[in-house]
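**Student:** Supplied in structure tokens, the structure appears directly below.
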Amino acid sequence: MLSRKHKLFYYKLFSLFSVVRGYNILIIVIAQYLAAKFILAPNKRYMEIVLDGHLFALIFASAVAIAAGYIINNFYDAEKDLINRPKKSMLDRLVSQRTKIATYFTLNFISVAIASFVSINAVIFFSGYIFGIWFYSHKMKKIPLLGNLTSAMLAITPFFAVFIYYRNLSSVIFVHATFLFLLILIREFIKDLENIKGDLAQDYKTIPIIYGEKVSKGFITSFATIAILVTLFLIFQYDTGYMRFYFYGSILLLVFSIMILYRAESRRHYLLLHNILKFIIVAGVFSIPLLNIEAILSKITNVL
């Protein structure tokens, strides 16, 4: 049996995991490695990528910086989250604000220190990224549209560290990045609708609060339409292998989401849309190997 002291320690540990959204960070790490293997350096062997110390340092520095970003975001949003997500907020509050800030600075230091093992350019990159996250959480978040755009851009920024490392900045990379950026941006707009009660109470100037839900839905529809066009461009302009089936599914889900959007009237509906977008993003990560599934099957056949 665990003592009360030990139970409280594990509860706080779980609370900190909730604050830094460890599950999201794990998905990002997997996405970076899969992108490295199947998009950025398809000719490299698996073990070359897995055992690449510099790549590991970049991905680890990204993960730590993102964790710190979630902490500072949680710090500034504490009162709003108490209204929008009361259960999660109560769990997050098991860790004091003082501990969160101390952890935030520690993680940022670790991120830059790890980046220093790669190059001075990596240090500059992650220092700028860390500052960008803080500036967004402190100032930009409350600015309508600009805050949404900044949030989506910060979400895909860690991938550019890997892109630059492999010196692979081909057009297909930017089209894939644009597709991901649009999905995250749509999700940010949906979150504004989902969290309108807390945003209103804390004087956040989001699009649905200033211009109304109808205008906000118009933005979502516009960007969803652009995302569909980008997806079609990817399918017909580039060789996407069997991942094209993922893209076809994404188009169907985006169309379905637009249909739900115009019938949505409550937070429950917006939460459903949020989860659909999250599913599309996560499914996209695990669909990356489908870009070159023939090579994988060939290696498995040779082993057998």
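**Student:** Looking only at the range 259-269, filter to residues that are surrounded by fewer than 17 Cβ atoms within 10 Å (Cβ to Cβ) and part of a helix (DSSP H, G or I); which one of those is modelled with the lowest pLDDT?
**Tutor:** My answer is R267.
**Student:** Among the residues of the range 119-177, how many are small (G, A, S) and closer than 15 Å to G69 by Cβ?
**Tutor:** Looking only at that region, the number is 9.
**Student:** Could you tell me whether K142 is in the same structural domain as F56 (by TED's automatic domain parsing), more than 24 Å from V282 (Cα to Cα), out of contact with any strand residue (DSSP E or B) (no Cβ under 6 Å at 6 or more places or on another chain) and not acidic (D, E)?
**Tutor:** It is true that K142 is in the same structural domain as F56 (by TED's automatic domain parsing), more than 24 Å from V282 (Cα to Cα), out of contact with any strand residue (DSSP E or B) (no Cβ under 6 Å at 6 or more places or on another chain) and not acidic (D, E).
**Student:** Right, next: Has the range 172-184 got any residue that is out of contact with any His (no Cβ under 8 Å at 6 or more places or on another chain), small (G, A, S) and not in a helix (DSSP H, G or I)?
**Tutor:** no
**Student:** Here's a follow-up. Which residue pairs have Cβ atoms under 9 Å apart, sit 6 or more places apart or on different chains, and have a first residue in the range 21-35 that is closer than 13 Å to A65 by Cβ and a second that is surrounded by fewer than 18 Cβ atoms within 10 Å (Cβ to Cβ) and among the aromatic types (F, W, Y)?
**Tutor:** If the second residue must be surrounded by fewer than 18 Cβ atoms within 10 Å (Cβ to Cβ) and among the aromatic types (F, W, Y), the pairs left are V29/F60.
**Student:** It is to be established whether one or more residues within the range 42-54 are crowded, with 20+ Cβ neighbours inside 10 Å, assigned to a helix (DSSP H, G or I) and on the phi < 0 side of the Ramachandran plot.
**Tutor:** Among the residues of the range 42-54, not one is crowded, with 20+ Cβ neighbours inside 10 Å, assigned to a helix (DSSP H, G or I) and on the phi < 0 side of the Ramachandran plot, which makes the answer no.
**Student:** Next question. If I filter the range 213-224 for residues that are out of contact with any Pro (no Cβ under 9 Å at 6 or more places or on another chain) and under 30 Å from N292 (Cα atoms), do I get at least one hit?
**Tutor:** Yes, the range 213-224 has at least one match.
**Student:** Separate question: Is there a residue in the range 165-179 that is within 13 Å of A61 (Cβ to Cβ) and surrounded by 15 or more Cβ atoms within 10 Å (Cβ to Cβ)?
**Tutor:** yes
**Student:** Hey, could you check the range 219-236 for residues that are without any contact (Cβ under 8 Å) to a residue 40 or more places away in the chain and under 23 Å from S170 (Cα atoms) and say which is surrounded by the most Cβ atoms within 10 Å (Cβ to Cβ)?
**Tutor:** Across the range 219-236, the extreme among qualifying residues is I228.
**Student:** Take the range 200-210 and flag every residue that is surrounded by 14 or more Cβ atoms within 10 Å (Cβ to Cβ) and in contact with a Gly (Cβ under 9 Å, 6 or more places away or on another chain).
**Tutor:** Y204, T206
**Student:** Continuing with this model, one more query. Within the range 237-246, identify whether any single residue is surrounded by fewer than 16 Cβ atoms within 10 Å (Cβ to Cβ), under 20 Å from P144 (Cβ atoms) and touching a residue at least 24 places away in the same chain (Cβ under 8 Å), and answer yes or no.
**Tutor:** no
The values are calculated or read from the model by the stated rules, or taken from the named source; none is laboratory data. This is a predicted model, so every value here is computed, not measured. Here the Cβ is made from the backbone with ideal geometry for all residues, glycine too, and neighbour counts use every protein chain on show.
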